[in-house]
């Protein structure tokens, strides 16, 4: 199959270069010259037999003096081999690449991120602004020659510009690049700023919303208020140290993110993980997922004004936090998975506590449905607003429960089973309508599925070691590694470029939340303000994961 | 039944006959006394309600509620009030200062004026208009001016959206509220509040009026609740959408005014519902059970009144802490497509039933 | 007519569901409350024995700890929370020079409780305590010295794990250089 794809790509773009030992890594890595990239992208996306419609991530790299991007493509129609495309720029002075944001909508924010970190400008991109950093930031921080002293801390009060300007680069008919700048919002528009300090943006996210009466016209998300430069920090950290930063990305799926990073390292080191650890990790992942969905449910109810439901969700989440605390010593950040297994054995009470929790949670779910799902106010509000169809969901890369509610089967646990997921029976909860109500309902149904997974595993944890022996210093072999896991918000991808050191050369985390926020604009167009807040709740994004 | 007019007549007698004051001074002193009594009642009711709401809300949410300041947190509200009084009133740049400071007074005056006509007990009523129902409806809707002014003068987009929402909401719900009260007026045959209460001396309207009165009572509670801008009708405030809606920019005592007025409005809605449908201060009398009726008469009338109010308020809190907020179009749909038609049919039916 | 029937049906279904919702909240109104009365329940509150409140260095009754100042914890800490200050002291018996712990400084303010110091310690010299009440009024008081005044390394730790400890240190140092 991989051979077919190779031939197909070569006929579409003869100048493409095959790279790496693709047989083993189960993906095809190609290198494409910039001139052919956009053309190839269009064919990859539209050719009947290829249909690479899901752009998982665009990763900027500064590898040995060359600047470029790595695109990771999947097809949702065919069980195709994933395609990894490298595109390099001509030089470092004025690096420019052709934008593919017209092919995949999700590329819009990814390319802005690459511009922000590496200074690669994308021609034909509709809105070439920095994504996370301030507009007056000096230099591009993830370039290897970035001077850490170039941006001293600003401690004085600064006026905020009402009307931000953005740039656009267009290719005219002669093939020359024409630069132009434009104002984001018209002077006449009624722009209301939601956030960064707002009760229901679920973190420090700023949404600038252009309103007409109560109706939303356009929305511009502004990130970066909790940007910590985690990817830059990781370049200095050893692999075990990186683990504790992965937890701080999407703090509600902390254990799952950490599990993903451990999986990547174990796969790269070709390490065998004890079965016991695999089972324990899976149970912890599912408990984390339940806790996250409970909080998602609770905060969505709170967004819709049902504060009591919020407290009920928090109350029941507390039970999971107690289970975590007893075994791992941590509540939100469990620091449990380590490379090679888990850091300590489960507590003697663990199984009993988990088994007590299962029936309790099922009972509470029934209560939630009576209290909130069947409430006519809530039901009408949720069913009447926020529709996202499957094609748009895929184009924007909306994974996780939100994507599944639109009918996209994207559960990584099913597509690429990892850990103990191949050993358990569970359903991938999907819907076809893609409204706010479906997103809400899929989330609650997933709690039931997670409970079923835990039920199948908790009594069958095999005896044995909980951790494989590892070297004192962990060094990943040279090469590029990809890993993805299904966290509570969707496809959490990790890319590591290792030069054989104890720290990665470049690490990139694919944030599922960023795709969710980017899809906010097409969903909320024409809805009411109240629905904007509710749809935000139904998408359930976590901001620290976006900002990194 | 103890008639509180004994006390008021004694005071009047003391001033006029014993001290021999002229009419002007007698009235002046009496006005001041009534004013002080009403304002004290106003403040006390607000304090008690704030405490009750926080405690009851806590219980609905599996919490205990305030329990740190004083025994069972009883002094929490007092402490909060002291805090609010000592806080700075933050001036807003480029706001309409005059209207900005005037808005809270509109809200508070609207609710204080209503207090004057409420019959708290037998003989405990400041003014007994012959058109009491209309008076109450008129003054209690003054508050919307305060809310609109606050939203307009704050120079804040959230406030403006909140105020406009509130305007649409209050204007529409005023209709159902007023029309559902008319059911009680039709049953009693008068608009004077004391006589409406008197008309329920054999049995309260909610029982006597059958299904009509019950429907009108429920609709009044819903519409009245919507007029107080409290959840699930708190669109004007909408914490999760508009941070605090029309009073986003208010601080210190100006915010305190909105806060207090919210709770007294809650009480006023309960009090009007009580007076019109639950017999006001009238004890429970069942025709034919004379011994039972006599026993009921021993319970003082203000206790009956406040007890029934407490029941209505508890219902309001129960609903508030169970349901999500409505969206603006749902809110208007509920009024114009559900409540209004039902009220009109109900009113017509009760009119026919009474004349026949 | 059909739409009128639907209107009535929807109305009654809505009212029924609203009342069922009220029933749920009333059930919770009557249930025992979940609030923890914190300062009052200090004695009875449940503490999990693996809870990570702060780093401590257990000492035995002879005021001895197990730390041989190898510095692995300091190296593994992602946040620079731990500082191991040591000096070389000549052993009077053997005459060989060895590392002795002077001060083990732990900054609670920068600790992210990632557990890497404790799991990497070859002698189990450090552990987590469960006393979670760590609030102080001054940031400086978050710097704690973990080894007690006048304490020294446990005598029986030295002979057996000495080689192992030394090995570890050397590999670590080797990697470093």
Yes or no: residue C:36 surrounded by fewer than 14 Cβ atoms within 10 Å (Cβ to Cβ) and at pLDDT below 85?
-> yes
Within region B:55-76, track down each residue that is free of Cβ contacts under 8 Å to residues at least 40 places away in the same chain and within 11 Å of chain A (Cβ to nearest Cβ).
-> B:58, B:59, B:62, B:63
So how many residues does region A:516-534 have that are in contact with a helix residue (DSSP H, G or I) (Cβ under 8 Å, 6 or more places away or on another chain) and closer than 23 Å to residue A:132 by Cβ?
-> 9
Just a yes or no: is a residue in region A:383-398 modelled with pLDDT of 85 or more, within 14 Å of chain C (Cβ to nearest Cβ) and not in a loop (DSSP other than H, G, I, E, B)?
-> yes
Quickly run through region C:125-135 and pick out the residues that are surrounded by 12 or more Cβ atoms within 10 Å (Cβ to Cβ) and part of a loop (DSSP other than H, G, I, E, B).
-> C:125, C:126, C:130, C:132, C:134
Out of C:92, C:58, which single residue is part of a loop (DSSP other than H, G, I, E, B), out of contact with any helix residue (DSSP H, G or I) (no Cβ under 9 Å at 6 or more places or on another chain), within 28 Å of residue A:324 (Cβ to Cβ) and in the same structural domain as residue C:128 (by TED's automatic domain parsing)?
-> C:58
Counting only residues that are within 14 Å of chain A (Cβ to nearest Cβ) and in contact (Cβ under 8 Å) with a residue 60 or more places away in the chain, which one in region B:159-204 is farthest from residue B:339 (Cα to Cα)?
-> B:159
Within region C:96-115, residues being touching a strand residue (DSSP E or B) at 6+ places or on another chain (Cβ under 9 Å), surrounded by 17 or more Cβ atoms within 10 Å (Cβ to Cβ) and not in a strand (DSSP E or B) number 4
Test residue C:17 against the criterion of being under 30 Å from residue C:143 (Cα atoms), free of Cβ contacts under 8 Å to residues at least 12 places away in the same chain and in a helix (DSSP H, G or I), and give yes or no.
-> no
Evaluate region C:75-83: report whether one residue or more is exposed (fewer than 12 other Cβ atoms within 10 Å of the Cβ), closer than 30 Å to residue A:248 by Cα and not assigned by TED's automatic domain parsing to the domain that holds residue C:144.
-> no
Lone unmet requirement of (1) more than 15 Å from the chain's Cα centre (by Cα); (2) buried (at least 17 other Cβ atoms within 10 Å of the Cβ); (3) assigned to a helix (DSSP H, G or I) for residue C:141 = (2)
Go through the residues of region C:34-44 one by one and say whether even a single one is more than 13 Å from every other protein chain (Cβ to nearest Cβ), under 30 Å from residue B:55 (Cα atoms) and in a loop (DSSP other than H, G, I, E, B).
-> yes
Quick one: is residue A:320 closer than 30 Å to residue A:406 by Cα and facing chain C (nearest Cβ under 9 Å)?
-> no
Within region B:1-38, the count of residues that are in contact (Cβ under 8 Å) with a residue 12 or more places away in the chain and outside any helix (DSSP H, G or I) comes to 4
By my count, helices (runs of 4 or more DSSP H) wholly in region B:198-285 with at least 3 residues that are crowded, with 21+ Cβ neighbours inside 10 Å and modelled with pLDDT under 85 are B:239-242
Would you be able to tell me the number of residues in region B:118-158 that are surrounded by fewer than 21 Cβ atoms within 10 Å (Cβ to Cβ), under 18 Å from residue B:305 (Cβ atoms) and either within 14 Å of the chain's Cα centre (by Cα) or free of Cβ contacts under 8 Å to residues at least 12 places away in the same chain (or both)?
-> 1
Restricted to region B:112-158 and to residues being within 14 Å of another protein chain (Cβ to nearest Cβ) and assigned to a helix (DSSP H, G or I), the residue nearest to residue B:258 (Cα to Cα) is B:151
Members of region A:32-58 found to be touching a residue at least 60 places away in the same chain (Cβ under 8 Å) and touching a helix residue (DSSP H, G or I) at 6+ places or on another chain (Cβ under 8 Å), listed by number | A:53, A:54, A:55, A:57
Failed item, numbered, when residue A:332 is tested on (1) more than 7 Å from every other protein chain (Cβ to nearest Cβ); (2) surrounded by fewer than 23 Cβ atoms within 10 Å (Cβ to Cβ); (3) assigned to a helix (DSSP H, G or I); (4) in contact (Cβ under 8 Å) with a residue 12 or more places away in the chain | (3)
Based on what the data block shows, is residue A:315 within 30 Å of residue C:15 (Cβ to Cβ) and at the interface with another protein chain (Cβ under 9 Å from one of its Cβ atoms)?
-> yes
Failed item, numbered, when residue B:81 is tested on (1) touching a helix residue (DSSP H, G or I) at 6+ places or on another chain (Cβ under 9 Å); (2) closer than 24 Å to residue C:31 by Cα; (3) at pLDDT 85 or above | (2)
Do we have residue A:289 as surrounded by fewer than 18 Cβ atoms within 10 Å (Cβ to Cβ), under 18 Å from the mean Cα position of the chain (by Cα) and either modelled with pLDDT of 90 or more or part of a loop (DSSP other than H, G, I, E, B) (or both) here?
-> no
Within region A:181-190, which residues are out of contact with any helix residue (DSSP H, G or I) (no Cβ under 8 Å at 6 or more places or on another chain) and more than 19 Å from residue A:120 (Cβ to Cβ)?
-> A:182, A:183, A:184, A:185, A:186, A:187, A:188, A:189
Tally the residues that are crowded, with 21+ Cβ neighbours inside 10 Å and either facing another protein chain (nearest Cβ under 9 Å) or part of a helix (DSSP H, G or I) (or both), restricting the search to region A:344-353.
-> 0
Have a look at B:331, B:326 and point out the one that is at pLDDT 85 or above and not in a helix (DSSP H, G or I).
-> B:326
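The values are calculated or read from the model by the stated rules, or taken from the named source; none is laboratory data. Here the structure is a predicted model, which is why all the values come from computation and not from measurement. Cβ coordinates were reconstructed from backbone atoms using ideal geometry, including for glycine residues, and neighbour counts include every protein chain displayed.
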